[in-house]
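What follows is one structure encoded as structure tokens, with my remarks underneath.
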Amino acid sequence: MTQRAAEKVFEDSPEHLFGVGPDFSLAAVDPASTPAFAGRKSDGKAVLSARSSRLTRLQERLFAEGRSGRRRSLLLVLEGMDTSGKGGVIRHVVSAVDVQGVQLASFGPPTETEERHDFLWRVERQLPGPGMIGCFDRSHYEDVLIHRVHGWAESRELERRYSAIQDFESRLHEDGTRVLKIMLHISKTEQLRRLSARLADPTKHWKYDPGDVDERLRWDDYMAAYEAALVRTSTAYAPWYVVPADNKWYSRLVVQDLMLGVLERMDPQWPPASFDVEAEKQRLAKS
């Protein structure tokens, strides 16, 4: 049994609780819920802090592997409506590890150069290198979410993109990159509260985008687009997890647990020395 399993932080595994299967319904997920965790907010924060060191150790071993010639890496894909907490996950979970082993990327509207290529072209250029943890704050899924909601792509093109994404992620898996995809599921009510808080605080005006209100008016369309993409592209080699995100402390704790699970299964190892250790000890002592 792994140390993570022995801790019993969750009464049931988040991988089991939040995994997306063929019969998945987004409407059945309560964004305000905190399933399988018996503690309070303070308890969740304490557990998050306590387990950061283990995440760091696993990341360091993965990074060392990459420097020794192994090609394995981890790609964390974060999706969710505006204010769902993607940035907070990066700051409080991903950033707990050594920053030299992390590659961050975010995909906004494509540039003129990017538009001349297929939608996955720019994503390929941001993939994590050997030993790295890559993190996409928004991702290639924007090309099947926003494009569906706004009608920028026809059904046939959307189907092509779903299939292209599956092939792309399958290839990543075969090449040694583990893909962990998480949708932070926030409620419309909680998003209103968070957007209102940004408007009420002058120090947060820079985070407010008037366009968020326009997208908010399409809420039901976005939920339908998310559900279609989740069901269509959740696979054994690149599963989707939908995490309740109204409580930031809870969603961060779940993301951390999911990352720990992937890294523990990868079980990165310290690479052996490429030199004679005892001989180097003697040389060093004489220097």
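The values are calculated or read from the model by the stated rules, or taken from the named source; none is laboratory data. Here the structure is a predicted model, which is why all the values come from computation and not from measurement. Please note: Cβ atoms are built from the backbone with ideal geometry, for glycine as well, and neighbour counts cover all protein chains shown. Side chains included, ligands, DNA and RNA excluded: accessible areas come from the protein's heavy atoms. Shrake-Rupley method; radii C 1.70, N 1.55, O 1.52, S 1.80 Å.
Straight-line cross-link partners of Lys207 among the aspartates and glutamates, defined as a Cα under 18 Å from its Cα and at least 8 positions apart when in the same chain: Glu79, Asp82, Asp137, Glu190, Glu215.
Compactness ratio for the range 169-244: Cα radius of gyration over 2.2 N^0.38 Å (N = residue count) comes to 1.45. Working from Cα pairs under 8 Å separated by at least six residues, relative contact order for the chain is 32 percent.
What is the distance in Å between the Cα centroid of the range 186-245 and that of the range 14-64? Centre-to-centre (Cα) distance: 19 Å. What the phi angles of the range 201-217 give under the Karplus curve with 6.51, -1.76 and 1.60, with θ = phi - 60°, is a coupling list of 10, x, 6, 10, 4, 5, 8, 8, 10, x, x, 4, 5, 4, 6, 4, 5 Hz, glycine and proline written as x. Bin width 5 Å, alpha-carbon pairs only: give the P(r) of the range 191-287 as whole percents, running from 0 to the bin holding the largest distance. Going out from 0 Å in 5 Å bins, the range 191-287 shows 2, 9, 10, 11, 14, 11, 9, 7, 6, 5, 4, 5, 5, 2, 0 percent.
Roughly what % antiparallel, to the nearest 5, for the DSSP beta bridges in the chain? Of those bridges, close to 5 percent are antiparallel. Our Cα-only numbers for the chain put the radius of gyration and Dmax at 20.5, 73 Å. Averaging 1/r over each pair of different alpha-carbon atoms in the range 24-85 and inverting the result gives 15.3 Å, the Kirkwood hydrodynamic radius. Under a model in which nothing but the beta-carbon of Lys, Arg (+1) and Asp, Glu (-1) is charged, the chain shows a dipole of about 1100 debye around its Cα centre.
Can you compute log10 of I(q)/I(0) for the range 98-160 with the Debye formula, treating each Cα as one identical point scatterer, at q = 0.14, 0.17, 0.20, 0.27 Å⁻¹? Per q value, in the given order, log10 I(q)/I(0) is -0.48, -0.66, -0.83, -1.19. Entry for the range 1-112 at q = 0.19, 0.23 Å⁻¹: log10 I(q)/I(0) = -1.37, -1.50, Debye formula applied to identical alpha-carbon scatterers, no solvent contribution. In plain terms, the chain from Trp219 to Asp175 could stretch by 12.2 nm, reckoned as 0.36 nm per residue minus the Cα-Cα distance. Given in Å, the Rg to one decimal and the Dmax to the nearest whole number for the Cα atoms of the range 132-221 are 16.8, 48.
Packing-wise, with mean Cβ within 10 Å as the measure, how do 155-165, 197-207 rank, highest first? Before the final figure, lay out each step's value.
Values: 155-165: 15.5, 197-207: 11.2.
Ranking the peptides 155-165, 197-207 by packing returns 155-165, 197-207.
Solvent-accessible area per residue in the range 195-287 equals 55 Å², computed with a 1.4 angstrom probe and all protein chains kept.
Applying the Karplus relation 6.51 cos²θ - 1.76 cosθ + 1.60 with θ = phi - 60° to the range 265-275 yields 3J(HN,Hα) values of 5, 5, 6, x, 10, 5, x, x, 5, 9, 9 Hz, where x marks Gly and Pro.
So what is the relative contact order of the range 49-152, in percent, for Cα pairs below 8 Å that sit 6 or more residues apart?
42 percent
Residues in the range 21-116 average 51 Å² of solvent-accessible surface per residue, probe 1.4 Å, ligands and nucleic acids excluded.
Quick one: what do you get for the range 125-274 if you divide its Cα Rg by 2.2 N^0.38 Å?
So the range 125-274 has a normalised radius of gyration of 1.22.
Using R0 = 41 Å, the C-beta based FRET efficiency linking Thr235 and Ala279 works out to 0.25. Quick check: at a probe of 1.4 Å, how many percent of the accessible area of the chain sits on carbon and sulfur atoms? After summing per-atom areas, the C and S share lands at 50 percent.
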